[in-house]
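The values are calculated or read from the model by the stated rules, or taken from the named source; none is laboratory data. Being a predicted model, the structure only gives us computed values, none of them experimental. Glycine also receives a Cβ, built like all others from the backbone with ideal geometry; neighbour counts cover every protein chain displayed. The protein model used for the area step is the full one, side chains on, heavy atoms only, and it has no ligands, DNA or RNA in it. Shrake-Rupley method; radii C 1.70, N 1.55, O 1.52, S 1.80 Å.
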Amino acid sequence: MAEWLYEAGIGEARVALVEDGAIIEARIERDSDGPRVGAVVAARLVEAGRGGKGALVALDRPGEPQATLAAVPPATSTGARLVVEITRMALRERGRDKPARAVLAEPDTPLADGPDLRARIAASGHAVVEVKPTGPDLLEQAGWSELIDHVRAGHWPFAGGALWVDATPAMVLIDIDGDGDGDALALARAGAKAAVAVIRCCDIGGSIGIDFPSLPDRAGRHAIDALVDAALPPPFERTAVNGFGLMQIIRRRERPSLIEQIRFDPVATDAALLLRQAERAAGTGTLRIAARPAVIDHIAANPAWIDALQARTGRRVELAADVAMKGAGHAQ
């Protein structure tokens, strides 16, 4: 039976849905992610758009992050105070960031933060197990580090082949790669199962392109269509596999995927991994955290994280920047 493993880390909450000892879904929620879906936030109109459409608001949050607003009443002037509800979180893409999306909240709707990651998994119906830094590392036992490594590299091996996954501004592209000498339909079947597993695991939304090996036989292409329909949880829309082996899938995109969070913010990713390591570091006395300067600067810019780490470990924390350091760094 599947169960959620939940860890309230420093600067980042992380969960994994584990079944038969393997991670089938993974999510992280960072302090820096911005207002969550369902949050009701006070805002100030920055741009009214044309005809009340395409408006832009500044949210009453630290740094005044912006959000696009589907529509405002035509008479609304720039600078007007509004209350909006977040329908899609801010997204990070290669070379650009996308602001959150919002709609006008219903009159008299109270301000609210929106359900957090813990609340969302609790509503899923699966049991939730709290992972504590003083107990067994259940996330690591299920393969958390391996998952992060796959996401970073964009490389996901499976029996008989591998997936190469890349997130572009237009879509997430999944290429199914084999040795070229085997059965194309068998490779397509195995690749389809692996691709669906990655889409589900990383919560990939928006437009997704899967490049299958060429299947000139229509029956084979229909078999792949049916396999995806059976394996990928709804709702989604897709095209049929065409003669060039390409299928496009469209899924709801409300939050950043695990791929976007890890690949497009490597400093935050390494900082979270390092703080997780520091929480579990054995020993007494000063807890020394060493990493490349960008990671150390990121941690130092959030003194509440250092306070939380000192409170959880009972050790004084010392940060050390090392320009020669590779990887996430180390804590001891």
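Values computed for the structure shown
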quantity	calculated
Residues of the range 151-176 satisfying the condition of being closer than 24 Å to L273 by Cα, open to solvent by less than 60 Å² (accessible area, probe 1.4 Å) and not in a strand (DSSP E or B)	V151, G154
Hey, S214 among the hydroxyl-bearing types (S, T, Y), outside any helix (DSSP H, G or I) and open to solvent by 60 Å² or more (accessible area, probe 1.4 Å) or not	yes
In the range 212-231, residue farthest from the chain's Cα centre (by Cα) [restricted to those that are of a type in the set (D, E, K, R) and closer than 30 Å to A2 by Cα]	D225
Contacts under 7 angstrom Cβ, first residue in the range 9-24 being touching a residue at least 24 places away in the same chain (Cβ under 8 Å), partner of a type in the set (K, R) and open to solvent by 10 Å² or more (accessible area, probe 1.4 Å), 6 or more apart	G9/R276; G11/R30; E12/R30; A13/R118; V15/R27; I24/R200
Qualifying strands (runs of 3 or more DSSP E) (wholly inside the range 26-121; at least 1 residues being modelled with pLDDT of 95 or more)	40-47, 53-59, 66-71, 81-88, 100-104
Filtered residues of the range 245-303 (kept if in a helix (DSSP H, G or I), small (G, A, S) and within 23 Å of the chain's Cα centre (by Cα))	A268, A271, A272, A278, A294
Scan of the range 259-292 for residues that are over 23 Å from V323 (Cβ atoms), surrounded by fewer than 21 Cβ atoms within 10 Å (Cβ to Cβ) and of a type in the set (A, V, I, L, M), ordered by number	A282
Qualifying positions in the range 1-16 - part of a strand (DSSP E or B) and within 19 Å of L273 (Cα to Cα)	L5, Y6, E7, A8, E12, A13, R14, V15, A16
